[in-house]
Structures are given as C-alpha cells and as structure tokens.
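Have a look at the structure below before the remarks.
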Amino acid sequence: MNIDFSPEEQAFRDEVHAFLQDELPQDISERVKLGLHLEKEDYVRWQKILNQRGWVAPNWPVEYGGTGWSSTQKYIWENERTMAGAPEVIAFGTKMVAPVIYTFGTDEQKEQFLPDILASNVWWCQGYSEPNSGSDLASLRTSAVRDGDDYIVNGTKTWTTLGQYADWMFCLVRTGGPEVKNQQAISFLLIDMTTPGITVSPIYLLDGTREVNEIHFENVRVPVSNRIGEENEGWTYAKVLLTHERTGTANVANSKSRLASLKERAAQSPLATDPIWQQKVADAEIELLALEYTELRTLAAVSTGKAPGPESSILKLIGTEVLQAIDELNVELAGYYGSAFVPEQFEPDYNDIMIGPDQTANSAPTYFNHRKTTIYGGSNEIQTNIICKAILGL
Amino acid sequence: MDFSYNEEQQMLKDSVGKFVSQDYDWDSRRAIVDSDSGYSSAHWKLFADLGWLTVPFLEADGGLGGSAVDLIVVMEEMGKGLVVEPFMANTVLAGGLLSALADSGQKEALLAPLMAGELQLALAFAETENRYELNQIACGGEINGDTLVINGHKSMVLNGGVAQQLLVAIRTSGKPGDDSGISIALVDASAAGVNRKEYTTVDGQRAADIWFESVSIPVTALVGADGGALSALQATIDRAALAVCAEAVGAMQVSLTKTVEYSKIRKQFGVSLSTFQALQHRMARMFMEVEQAKSILLMAAMAMDHAGGYAPRELSAAKSRIGKAARKVSQESVQIHGGIGVTDDLDVGHYFKRLTSIQYLFGSTDWHTRRFAAA
Ligand SMILES: Cc1cc2nc3c(=O)[nH]c(=O)nc-3n(C[C@H](O)[C@H](O)[C@H](O)COP(=O)(O)OP(=O)(O)OC[C@H]3O[C@@H](n4cnc5c(N)ncnc54)[C@H](O)[C@@H]3O)c2cc1C
C-alpha cells in the first residue's frame, strides 16, 4: 500500500499544470472560482481547447478518443483542473451518452456521434425524468410507437438540465405495452431536438437561473436507426449509465478547492479565530479526506477491472453532503451579505457599484441551487435504499 | 402558569391570520415582490388602519403597549404568509429604536406618522467588516459646534431603499471595539451626500447599501445622548431578533404542513411518499423541531416582558435554537418535495429561503450560541 506519486506521475502533473496555465482562458477560470454560472459558449470554447490536446474524455477507451490515463493520472488531472478553475466538461455527452453509444451502439452510431461529442460540436441533454416518474424512473410514460422506419414519440420529459441549448437528447421511452413489466418495456432513443413537435419550456430554480426545462413531444418522428441496441432493452443500458454518472459525483477535487478558497477568505474575517467556526470547517475537511480515500479505493478497484458497483452510492451520498456543508459555510462567512441578491453584478457588462465583498454575495444562491444535488442523479434516499438492498441485503 | 393568549392577543392573531389567508395568496405575494417598491402601500395602509403598526409601542407613546408576546403573535402569523411588507424593519427596528431613545419632540414628529402608516424608516447599523458585533461600528460622525458630519458606509439596510428617513448608527468618539462613543443620527434619505443602492434580498425583500459622503446635519438630529446608544441599539436588535424568530416559527409550521400534505399526494413506486418510513421519521423530526422552536420562542418573549424588555440570555437561547430548527425544517421540506422543491414556482422553496436568511439576521445561530454561553 502506498500513495506516493512516481517520478512519471510527477512529470505528468507538471505537464497538466503547464497546460492549464497556458491554455485555460482567464475569464472562464475567474467565473468558475467565484462559483458563477457559465454560458454555453464558455463550455464549448474550453472543451474545444481540451479536444485539441486530446484530453476531453479520460474515461473513454483509447480507440474512441480516450486518454488512456491510469486512475492515478485521472486523479491528478481532476485535482489540477479544479485548482486551476477549469470547468468540468458537461457530462451529458461525454460521460453519459457516449459510454452507452460506444458500449451498445452500432458502428454507424459511433461514427455519427462520438467525434462530435469530443469536439463539442453537439450539445446533449438527458431525457429520463417525467412529471410523474422521478425516483421511480421505470414507471415512465413517454411512448414510442412503431410506424414503418420511425417511432412516433408522445409525452413529457422534465427537469432537463440545459435542454435549452441541446441539439440532441438521449431519451428513455416506453415501447412495450401496458401489460409488460416496466423495466422490460423501455427503449433508449437518440432524438434530434430540431425534429418538429418538440417544445422546450423553461423551469426556473431557486437562484433565479434557467437551469432546467420541461420538454413536450407531440407526434415526434424518430428514425428507428436512432435507437440504441434492442427494443425494450433500454433499461439495461440506462443502468450502466447511471453507475457511470454516480462515480463522478463525489466531487472531491471540487470540494477541496472550494474549502481552500473558503479558508483563505475566512482568514480575513473575525470568524477565523472562532472555535465553533474552526470546528465546522475542520469537520468538513476531515469528512472530505475520508471521502477522498473512499473514492481512491473505489477507483483502484475499478482499475483492476471491476465495474463500479453499488459502493458508488457512498460517493454520491457523502460527496453531496460535503458539498452542501461547504455551501452553508460560505453563507455563514458572508454574514449579512448572505442575503443580498444582486446576480446582475456578476455579468461582464455590469458597471455599477459592487454589493458585498467579492466571493460572498453569491453564496446563498449557490447554497439554494445546490440543494438539487441530494435530489438528482438518484436522490440520497434512493442511494440509501441501494446500500440497504444491494450491499446489506436488507 | 398560563400559555393562552389573552382576548386582545387572540383578536390580533385572528386579524393578521385572516389577512394572510385571504389577501396574501401566493400569486398576490409574487406580484408585490416583483413590483417597483417591493411592498404594497395598500396593505401598509391596511396594517395601519387595523392598528398593527401600534403593537410594538408603549401606551405612553400612543402604542398598544409594546409587549414582546404581542409582537410574536403578529410576527408568527406574518411568517405563515412570508409577508414582505416592512413591519419588522420599519416598525420594530427603526420605530423601536426611536421609542427607546428619542426625545418627546422627535417622537411626536416621527412615531405618530409611523403608526399611521405614513412614514417609512430604516435603521442603518450593519457594516461590511463587523459581522454582528455592534461595538465595532466605525461609520464616522464628527461633531463641530452645531453640525454633525457623517462619513462612511452601511450595508444591508433593510427597507433602506424606500425609507424617507434613516436612523444611522455612527461613531462620534472612541474607536471600533469601544462600547461608548456610538450615537444615532436621524438623516433625511434625500440629504446631500447620501447615496443609496437598493437591491432585492434572496428572500424577496429589499435592502440597500448606503454611502454617506460628508453628510452635514444639525447636531439636534442626534437621537438620544451623544455616544451612549449602544445598549439601546443592542436591545432593539434583540427585539427584532425575537420578531424574526416568531416569523420563523410561522414559516416552519407552513413548511411542515405543506410537506406532510405533499407526501400524501405524491406517488412513486405505486404508493404515496408518506408510506416510506424513512420519510415518516424525518417529518416527525421536523414536527419536533417546530414544537421546540415554539416553546423556546414563548420562553424568550415572556422573559423579555418579565425583565422590562431586555433578556439577552433567553433571547440568544431562542435565536440559536430556532436557527437550528429553521435550518433542519427548511432543508428537509425541500428534500422531501424532490425536484419541485428547488424551483422558483413552488412556495416551499421560498419558505426555505426566508428561513435561511433569518438564521443569519441579527446574529447568526452560532453567534447567539456563543452569547448564551458567555451570559
Ligand atoms: C436541478 C435538477 C436537474 C435535473 N436534471 C435532470 C436531467 O437533466 N435529466 C433528467 O432526466 N432528470 C433530471 N433531474 C430529475 C431528477 O433525477 C429527479 O428530480 C429525481 O429523480 C427525483 O425525482 P422527483 O423530483 O420526481 O422526486 P420524487 O421521486 O417525487 O421524490 C420526492 C422525495 O421522496 C423521496 N423518495 C422517493 N422514493 C423513496 C423511497 N422509496 N424511499 C424513501 N424516499 C423516497 C425522494 O428521495 C425525495 O426526497 C433533475 C432534477 C433537478 C432538481
């Protein structure tokens, strides 16, 4: 057992560090460090830079454009990336649909979709949840009925993150009749968002941002060739994707850099010498250290060939708890300014006076927004149920 | 021992409660929040007509009597509807300090129109660097003969954008950290050298940052003795803290009720959420939090009345405990609602936001825990 980096790994870290220093646009890293939202253009610009270097998708197999990094190298990358303030690559294309396409898709599908995902030419969104199917996803009702070479899709998807930007959606639809058991009636479709019959309407979150959407399908024609794998086998593919999604959610590197920034800012506050504050910060830091090693253990197991199992639920559960604890510490540090809500002052064209010390004024909106993290991606209650059933056998 | 409201308090509760349930539905509130002024002047006039604006004041000043219990009766009901009209900021905070410090001439000029609903005031006390320690006030006031010149910056002045007159906590002698040397000046909000920037707060209310640049006023605009305002200021802020504690209790009750109701309606896996024991236990815990919050609120209000208005240890106990309850109840209500809990559309998230702000107003939960321990 040992945790030291080899000389090669240290050289890799230097290489990553230098790349980020040279190539990461400053306007983007500043917004990331302040915890502000990015525009579509920011994400695309950064991903194109990464793609030049071939570093978009560390988790993909090399043959499709992955980096071929060891788990240690991925760990180094994540740490350096977050410390530098580089945004995470939007997950919908690279981390969610791509693994399904390269694992279960046809050669034509791989060719059609994977290069554009890497190059950020196409924006993807995830069409799983429906108004009446959240935690119980398999009960979904959006239907796809076969008509010649097409499916005709009708129904409503909701909570679709950044769907307003999306060119394509990966979507779970019901292809089996009502007599078929839910999990065996679902197919996995790729839907071009410009197809007639699709309406996208905004949903605003507690911080006032349009982060999610409701999407209606009225007689939308989707070619059968856009189905992944077999009809009625979509649930199996989606499950693979869900475990992939969960491993990314520990947020260790991100939480580390946010904690470091919190401590730096708190040093100038009278709070810095307050024992209650010191204990709260220490508690968060200690929990994060344990989580970091839990994640490393999981990654080490994966690198020896095991698929990420139900243990990844721990990463999601505790990762989001730590993230939310840091959010609350940020609000606490802001004190009275925690209540100020002046989002326009973070826009590039704002030229009035700033309200509140830098980096505090957005703390409460961020805290509100991040409540989503214990709800989405399989809520923390559902993750707990998974641990009960799949691990403890309860 | 008697925990029941007297007849007058029951009438007050019914009257505010009726207003909230009949005139303050969610769409009406939203329209008010989005309006230019951020509050409804028609509602404000109604508050005056119904006598609510006299509640925080002594009979000698023309008020209802100024008891802490009366105050929490009003605020708890307002909390149920997340009322944004500036009752707490204008009447309890600014009005409360006036009633503690002002001379009879100042009271006559200001308190009567305040209670009649014709005057908006704000108390400017917070400063960027001070957190919650009032003796750290630095905003400078320099007395030269008959004039007082103010220079400095005040943060997060509740109701500061619409206020016609400002009560400004300034330092006329000594240095930050000294208990003496803090004074209150009455400044016309339109005076030369006063610059305001109004903004919304995360909970749909309004506040302003205010800059004073060589604002020159007559020395007679001091409210109370020069340099001796700290204890009255702390007592007034404690009273406002009690008010938001009561507001929190009202808001928590609604959050709990809405969560329990929703859990019965929302179905997943073919059953209501309310059938999952994991969620049942958490709602039971929310209920216990609300009850504990209510108890400690009554304790603090009665202690304040008993002590002639100021009971720092008991107030801090209440603010600390209610802060913890507000955190727990509001977070759980969002979580149990799932996705719609984090949307702007649904009221539950707005209760969560107000319950969050209250935790950090007039001393955070931890600040009051510390103050309790030291008392
Ligand atoms: C900001 C945001 C972005 C999202 N982005 C996307 C997206 O891009 N694409 C997409 O498809 N979906 C997305 N989602 C949807 C998300 O996956 C769902 O919100 C989630 O699955 C929960 O479903 P629900 O909101 O319907 O809550 P419900 O399922 O109604 O759950 C309500 C509450 O009950 C609890 N609960 C449910 N079942 C049980 C049980 N058996 N035992 C104990 N507790 C239980 C839940 O944990 C939750 O606390 C997003 C959601 C949010 C909030």
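The values are calculated or read from the model by the stated rules, or taken from the named source; none is laboratory data. For clarity, every value in this text was computed on a predicted model and none was experimentally measured. Methodologically, a virtual Cβ is constructed for each residue, glycine included, from the backbone with ideal geometry; neighbour enumeration extends over all protein chains shown. Heavy atoms of the whole protein, side chains included, go into the accessibility calculation; ligands, DNA and RNA do not. Shrake-Rupley method; radii C 1.70, N 1.55, O 1.52, S 1.80 Å.
Table for the structure above
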read-out: Net charge of neighbours whose Cβ lies under 12 Å from the Cβ of B:L222, counting Lys and Arg as +1 and Asp and Glu as -1; value: -3
read-out: Chain pair A, B: total accessible area buried, heavy atoms, 1.4 Å probe, Å²; value: 4000 Å²
read-out: Farthest toward positive dipole pole in segment B:189-304 [+1 Lys/Arg, -1 Asp/Glu at C-beta], among B:A207, B:C245, B:I265; value: B:I265
read-out: Å³ per residue enclosed by the Cα convex hull of segment B:122-229; value: 87 Å³
read-out: Occluded residues from segment B:205-223, i.e. those whose accessible area drops by 10 Å² or more once the chain is not alone (1.4 Å probe); value: B:D209, B:W211
read-out: Using distinct alpha-carbon pairs, which all enter the 1/r mean, Kirkwood radius of chain A in Å; value: 22.5 Å
read-out: Among A:A340, A:L323, A:T273 the positive-end extreme of the charge dipole of segment A:249-391 (Cβ point charges); value: A:L323
read-out: Charge dipole (segment B:1-117, unit charges on Cβ, about Cα centre) - positive-most of B:P56, B:S37, B:A100; value: B:S37
read-out: Rotationally averaged projected area of segment B:231-374 (alpha carbon convex hull; nm²); value: 8.8 nm²
read-out: Karplus-derived HN-Hα couplings along segment B:202-208 (A = 6.51, B = -1.76, C = 1.60, θ = phi - 60°), whole Hz, x at Gly and Pro; value: 4, 9, x, 9, 10, 8, 9
read-out: Estimated Rh, segment A:148-292: Kirkwood, alpha-carbon pairs, angstrom; value: 18.9 Å
read-out: Sequence ranges B:227-240, B:303-316, ranked by mean other-Cβ count within 10 angstrom, highest first; value: B:227-240, B:303-316
read-out: By accessible area with a 1.4 Å probe, ligands and nucleic acids excluded, highest first: order of A:Y151, A:Y43; value: A:Y43, A:Y151
read-out: Under 9 Å, Cβ to Cβ, from A:E332 - net charge with Lys/Arg +1 and Asp/Glu -1; value: -1
read-out: Whole-Hz couplings from phi, Karplus 6.51/-1.76/1.60, listed for segment B:326-334; x for Gly and Pro; value: 4, 5, 4, 5, 6, 5, 5, 5, 5
read-out: Sum of -39500 (n - 2.57) over DSSP H runs of 4+, divided by residues of chain B (222 nm, nearest 500); value: -16500 deg cm²/dmol
read-out: Descending semi-axes in Å of segment B:169-234, equivalent ellipsoid built from Cα gyration tensor; value: 24, 17, 11
read-out: Lys, Arg +1 and Asp, Glu -1 on Cβ, resulting dipole of segment B:7-119 about Cα centre, debye, nearest 20; value: 180 debye
read-out: Among B:207-217, B:16-26, the order from most to least packed when residues are scored by Cβ within 10 Å on average; value: B:207-217, B:16-26
read-out: Averaged over A:207-214, number of beta-carbon atoms from partner chains that fall within 10 Å; value: 2
read-out: Segment A:123-233 - Kirkwood radius from inverse mean 1/r over Cα pairs (Å); value: 14.0 Å
read-out: Largest to smallest principal axis extent of the C-alpha atoms in segment A:219-348, angstrom; value: 62, 42, 21
read-out: Accessible surface of A:W159 - all protein chains present, 1.4 Å probe, nearest 10 Å²; value: 70 Å²
read-out: Heavy-atom accessible area, 1.4 Å probe, ligands and nucleic acids excluded: residues of segment A:143-162 down by at least 30 Å² from chain alone; value: A:W159
read-out: Accessible surface of B:H43 - all protein chains present, 1.4 Å probe, nearest 10 Å²; value: 30 Å²
read-out: Whichever aspartates and glutamates have a C-alpha closer than 12 Å to that of B:K258, once near sequence neighbours (fewer than 8 apart) are set aside; value: B:E332, B:D347
read-out: Total charge dipole magnitude, segment B:122-229, about the Cα centre, Cβ charges on Lys, Arg, Asp, Glu only, Debye to nearest 20; value: 200 debye
read-out: Ratio Rg/Rh, restricted to segment B:208-309 and using Cα atoms, in which Rh is the Kirkwood radius; value: 1.27
read-out: Expected 222 nm ellipticity per residue - DSSP helices of 4 or more, -39500 (n - 2.57), all of chain A, to 500; value: -13500 deg cm²/dmol
read-out: Shielding of B:198-204 by partner chains, average beta-carbon count, 10 Å; value: 6
read-out: Heavy-atom accessible area ranking, 1.4 Å probe, most first, across A:D150, A:D4; value: A:D4, A:D150
read-out: Cα-Cα over 31 Å, subset of A:K280/B:K13; B:K80/B:K197; A:K40/A:K372; A:K316/B:K294; B:K264/B:K324; A:K74/A:K157; value: A:K280/B:K13; A:K316/B:K294; A:K74/A:K157
read-out: Carbon + sulfur, % of accessible area of segment A:250-394 - ligands and nucleic acids excluded, 1.4 Å; value: 59 percent
read-out: Drop in accessible area of at least 20 Å² in the complex versus isolated chain, residues of segment B:137-169, 1.4 Å probe; value: B:M156
read-out: Rounded to the nearest 20 debye, dipole of the protein assembly as shown from Cβ charges on Lys, Arg, Asp, Glu; value: 1760 debye
read-out: Accessible area (Å², per residue) of the protein assembly as shown, counting only protein heavy atoms and a probe of 1.4 Å; value: 41 Å²
read-out: Whole-percent carbon and sulfur share, accessible surface of chain B, 1.4 Å; value: 53 percent
read-out: Accessible surface of segment A:118-159 [probe 1.4 Å, protein heavy atoms]: carbon and sulfur percent; value: 44 percent
read-out: Whole-number Å³ per residue for the convex hull built on Cα positions in the protein assembly as shown; value: 178 Å³
read-out: Accessible surface, 1.4 Å probe, highest first, among residues B:R171, A:R265, A:R297; value: A:R297, A:R265, B:R171
read-out: Average beta-carbon neighbours from other chains, 10 Å sphere, peptide A:317-325; value: 0
read-out: Volume of the Cα convex hull of chain B, divided per residue and given in Å³; value: 136 Å³
read-out: Heavy atoms of B:D49 accessible to a 1.4 Å probe, total area in Å² rounded to 10; value: 110 Å²
read-out: Long-range tail of P(r) for segment A:281-385 (Cα pairs > 24 Å, %); value: 41 percent
read-out: Lysines whose Cα lies under 19 Å from that of A:K33, excluding same-chain neighbours fewer than 8 positions away; value: A:K256, A:K263
